[in-house]
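This is the structure, below, for whatever I ask next.
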Amino acid sequence: PVLLMILWTAIMWLWMYATRIPAMQKAQINPDDARHPGTYSDKIPPNVRAVADNYNHLHEQPTIFYALMVFAALTGGADALMMKL
């Protein structure tokens, strides 16, 4: 599960930049002006914002998931199959 979560995060990162950079170029948004969240969201299409929101959420709740996986590995709460995944 941990490797799959890392893989999904990498996929979302690539997808986010593959959609966000062209959308920013089309809206003529200077990257320096977009350093702070929400400063350009009204200029980006909702489908592009949704991908970025998904990526941001992958860095919030999964932190607990990673901590639980480490705890399970250290306390013997995981079987061999889980550790290989």
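What's the total number of residues in segment 30-39 that are under 18 Å from residue 50 (Cα atoms) and over 19 Å from the mean Cα position of the chain (by Cα)?
The total comes to 1.
Can you tell me which residues in segment 56-71 are outside any helix (DSSP H, G or I) and modelled with pLDDT under 80?
59, 60, 61
Moving to a separate point now. Hey, can you tell me all the residues within segment 1-48 that are surrounded by 11 or more Cβ atoms within 10 Å (Cβ to Cβ), part of a loop (DSSP other than H, G, I, E, B) and either modelled with pLDDT of 85 or more or aromatic (Phe, Trp, Tyr) (or both)?
Result: 27, 29, 40, 44, 45.
Please work out if residue 79 is in contact with a Phe, Trp or Tyr (Cβ under 9 Å, 6 or more places away or on another chain), open to solvent by 80 Å² or more (accessible area, probe 1.4 Å) and without any contact (Cβ under 8 Å) to a residue 12 or more places away in the chain. I'd like the intermediate steps shown before the answer.
Values: in contact with a Phe, Trp or Tyr (Cβ under 9 Å, 6 or more places away or on another chain): no; open to solvent by 80 Å² or more (accessible area, probe 1.4 Å): yes; without any contact (Cβ under 8 Å) to a residue 12 or more places away in the chain: yes.
It is false that residue 79 is in contact with a Phe, Trp or Tyr (Cβ under 9 Å, 6 or more places away or on another chain), open to solvent by 80 Å² or more (accessible area, probe 1.4 Å) and without any contact (Cβ under 8 Å) to a residue 12 or more places away in the chain.
Select from segment 47-64 the residues that are of a type in the set (A, V, I, L, M) and without any contact (Cβ under 8 Å) to a residue 40 or more places away in the chain and write down the one among them that is nearest to residue 24 (Cα to Cα).
48
The values are calculated or read from the model by the stated rules, or taken from the named source; none is laboratory data. Model, not experiment: these values are computed from the prediction. Cβ: placed from backbone, ideal geometry, glycine included. Neighbour counts: every protein chain shown. Protein only, heavy atoms only, side chains kept; ligands, DNA and RNA dropped before computing areas. Shrake-Rupley method; radii C 1.70, N 1.55, O 1.52, S 1.80 Å.
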